[in-house]
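The values are calculated or read from the model by the stated rules, or taken from the named source; none is laboratory data. Being a predicted model, the structure only gives us computed values, none of them experimental. Virtual Cβ from ideal backbone geometry, glycine too; neighbours counted across all protein chains shown. What goes into the accessible areas is simple: the full protein's heavy atoms, side chains included, and nothing from ligands, DNA or RNA. Shrake-Rupley method; radii C 1.70, N 1.55, O 1.52, S 1.80 Å.
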Amino acid sequence: MSDLFAVSTLFAELSLRGWFPAWLALVLGLIAVAAAGFLYAREAGRLAVLPRVLMAGVRMAILLTVAFLLLRPVWVDETRGERRRAVAVLVDVSQSMDNADPRPNTADQWRAALAFNLVEPGKVNFDTPMTSAVSGTLPERPKRIEVARQALTNPRLNLFQRLARSAGPVEAATFGSQRTGRDALDPRWLENLAAGEPRTALVDAAMELLARDPNDMPAAIVLVTDGRENASSKSFDDLARECVRNNVPVFVYGVGSSAYGQLQLRDFATPETLFVNDLVAVPVRYRVRGIPEGRVEIVLTFGEREVARKVVAARDGDDLRETLTFVPSKADADAPKQELTATVTVTTSAGEVLTDSITRGVKVVDKKLKVLVVDSLPRWDFKYIQRGLLRDRRVEAKFYLTEGDRQAMRPGDRSPWVGGFPPGRDEFRKDLFEYDLVILGDVPGKFFNPEQQEVIKQFVSEGGGLIQIAGRVHAPSEWVSAWAKTPTLATSPIADVLPVEFEPVKFLTESPGRPTGFRPVPVQSMIKNPLISLEDDPLDNVRLWRTLPEVYWHFPVTRLKPAAEAFLVHPSAKTADRKPMPLLAGHYYGKGYVLFVGFDETWRWRFNEADKYFGRFWSQAVYVAGVPRTVGTKLTQLSLDTNDPVVNKTGQVYARLLNRDFQPLTAERIEARLIKLDADANDRDANTAVELRAMPGQPGEYVAALPFNRPGRFALKVDPGNDNPATLDYRVTYPPDHEQAKSGMAEEPMRKLAEATGGKFYREESLNNLPDDVRPQLAPFTRRTETILWNGWVMALLIGWLTLEWVLRKFNSLS
């Protein structure tokens, strides 16, 4: 044998395997021989001595042969020596190998030509353009599995046969989720090689080979793969350590294009309303994979006008971020197309261009928000809110203190103070409707007379915003208690518009004990809502809310009103219906939006941070509540519960639907249409129905489950018959480690693995050297050979003896 070296015999012996005892066989054999001699001795009168002796000898030989066969004899010998270990070849057949790689540069085109046997190995200059004769035969974007198949069956490379000659016998297998053995001597399995395995357990497949007996371990492992590991229980580093420990080098043939890259614009954040001459910061999140060199260009376009551009060096990452800024102009406010588009373009060093974009509807407003702030005393929150609003160029703010000194608050030409409120209904309405937003602090319940409170209610119903900041002395308690004696009214008109129900509560001026601090907790479904987004990234936002300075007081409410939303809740306190106590809640009342802030210590968030979080929170609250009066109230509002829908997950879409009178819709079900924007023309599921179901106890609120069962761009269109249809655009992508996610070959991990184990990494241009680089390794063996002596030859001998005896007796006239 060609794989055996220095074979030597250890021992040889005869072994008896019969159930018949040897001593008994010997005794019976001797008795039979004696009987045969005795019988032929009695033939003395009829036969001559020579025939008689000859026939007696034949009879004795027959009997001795039978006795020997009764012992079932076996000839046993053992030899020892050294043999070549097998070379294990593992071929990746996972779905990532089904990717059709772009090959825009000359080097990758020549590599494919080498695999497809269109050029001779070792005689290609990658700097020269490919000839038309070669490029015309080569597929434009061959799949990785096709390239691997062509390379493994390329007669010029002749990899399997050369490995067998130079290194040792070849043991072939394919792997994906698990390893499957193949016949290396019969290459026909390569002809039908397909990449269909849903996962890649590369490390596990190699580890199985290293778990064998040391003498059966491979001399080397040859991997044919793109390196997309995603299903093994151990890492590449674990595999490298195990290979070094067992002296098994790994040789990797990397399949794929060096120019392959992936770009995905994940999201960009922008308010729905922008103000003229206001600096707008737009954080853009994107993903780049498989592009080691190149440049990234990010462009913001409002309508048809480019408003910002930024160019950075390309780098790999799943969550890359860049912030662009621009200042909306008056022309933008008048533009017919009120849309902001973010476009990311990656240009690789090889000249490949990847691009992706997202468009969001925004509104540019050429008007300042007019805000009226009314409080009893200048509380800490009042003082810092006042400073922030006076500095905000987007806001024109006026202030009034019910307990303030009239002389000190006397308005002048440049004073921020209002001079008081007219008692008459029409005059008060005229004054109030000059504002877009009213912020009420700890205002006494009887400060506004009944007619004024009705006007405030109408102000909200017709689109004005209202923010109620709870206080310990008056509001909101006195919006109930001040009206409790009125027979026809249990609550005031102001209490009617608030998003919470409550009872009058009196608080001590000072707590008898040390108060217990707590941190408001964002409601999970609201963590991405602009109102409570103090950081651009949702994960950073969650962490921030857990570390903000504690507050020590809150106003207890009994429950949320139907269709109201809680944004922040108390970590432990409960409402009357055993739900988390709302600390920040809001809802639409008619056209206007109302916020209830159930604590008055947001000023504590300024500790060591100045206005970074305090200012952002209150500016967002002002815009959320005050903008609807300026830009109008959306009758159809849609939101998705995730920013990054991924395949094989399920999401939910939430809808808030109002009728033409700005009242919540009452229908139990609303039909929407889900449209796949990039669907094939023959796709029957490109336009499907989605049923929005009413949420119990929340009028106008609807929800529907959306299955993210395939990748692509989608649009959910809802037309509830209120003359205000809406569209929610979103995109479903594969997770980064998914087999079908578009991504390049993992060259660096594979190269690192090969070098750490003493092997090498190959591309098509060096693949011809692989068989010569794999060194044979010898393993000791012991071979035991057993030759059965009761075989056909012995039976032929027995028959020969019987035939000879019959012939002799026949010639001597014996029966």
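Roughly how many Å² is the accessible area per residue of the chain, as a whole number, for a 1.4 Å probe? Walk me through the numbers before you get to the answer.
Values: 39600 Å² over 815 residues.
The answer is 49 Å² per residue.
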task = Pull up the DSSP beta bridges for the chain and report the antiparallel fraction as a percent, rounded to 5.
result = 75 percent
query = Given H placed 1.01 Å from N in the peptide plane, which residues other than close sequence neighbours of residue 197 have an amide H under 5 Å from its amide H?
reply = 94, 95
ask   = Alpha carbon centre of the stretch 183-212 versus the stretch 303-373: separation in Å?
value = 47 Å
request  = Per residue of the stretch 333-344, in order, report the coupling 6.51 cos²θ - 1.76 cosθ + 1.60 (Karplus, θ = phi - 60°) as ³J(HN,Hα) in whole Hz, putting x for Gly and Pro.
outcome  = 5, 8, 5, x, 9, 8, 9, 10, 10, 9, 10, 10
note = Partner lysines whose C-alpha sits under 20 Å from that of residue 446, ignoring same-chain residues fewer than 8 away, are 457, 485, 506
key: Whole-Hz couplings from phi, Karplus 6.51/-1.76/1.60, listed for the stretch 666-683; x for Gly and Pro   = 10, 5, 6, 9, 10, 8, 10, 10, 9, 10, 8, 6, 10, 6, 5, 4, 9, 6
remark   = Excluding residues fewer than 8 positions from residue 143 in its own chain, the aspartates and glutamates with Cα under 16 Å of it are 92, 98, 101, 108, 191, 197, 226, 739, 764
inquiry  = Taking 8 Å as the Cα distance limit and 6 or more residues as the minimum spacing, I'd like the relative contact order of the chain as a percentage.
reply    = 15 percent
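Hey, can you list the DSSP H helices of the chain whose Cα span along the axis is 30 Å or longer and whose average Kyte-Doolittle score is at least 1.0?
Values: long enough: 49-70 (32 Å, 2.02).
Long hydrophobic helices here: 49-70.
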ask   = Which label belongs to the value computed from this structure, given these candidates for Kirkwood radius over Cα pairs in Å: [x] 28.3; [y] 34.7; [z] 31.3?
value = [y]
ask   = With a sphere of radius 10 Å drawn around the Cβ of residue 292, what net charge do the other residues whose Cβ falls strictly inside it have (Lys, Arg +1; Asp, Glu -1)?
value = -3
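Determine, for each peptide in 453-461, 751-759, 236-244, the mean count of other beta carbons within 10 angstrom over its residues, then list the peptides with the highest first. Write down the numbers at each step before the final one.
On the way: 453-461: 21.3, 751-759: 19.7, 236-244: 17.9.
In descending order of packing, they fall as 453-461, 751-759, 236-244.
Where does each of 687-696, 124-133 land if you order them by average Cβ count within 10 Å, highest first?
Listed from highest to lowest mean packing, they are 687-696, 124-133.
Students often get this wrong, so check it: of 368/612; 363/591; 363/528; 634/717; 337/742, which have C-alpha atoms separated by over 25 Å? Mind showing how you got there, number by number?
Numbers: 368/612 22 Å; 363/591 18 Å; 363/528 20 Å; 634/717 15 Å; 337/742 33 Å.
Table pairs above 25 Å Cα-Cα are 337/742.
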query = Where a Cα-Cα gap under 23 Å defines reach, which lysines qualify for residue 234, not counting those fewer than 8 residues away within the same chain?
reply = 752, 760
key: Average Cα contact separation per residue, the stretch 118-212, under 8 Å, 6 or more apart, as relative contact order %   = 21 percent
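Compute the whole-percent fraction of alpha carbon pairs in the stretch 410-509 spaced more than 24 Å apart.
Numbers: 1159 of 4950 pairs.
Value for the stretch 410-509 (Cα pairs over 24 Å): 23 percent.
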Sorted peptide list for 548-560, 89-101, criterion being average Cβ within 10 angstrom, highest first = 89-101, 548-560
query = Once a ≥ b ≥ c are taken as the square roots of the eigenvalues of the Cα gyration tensor of the stretch 658-810, is the result rounded (a/c under 1.5), prolate (a/b larger than b/c) or oblate (a/b not larger than b/c)?
reply = prolate
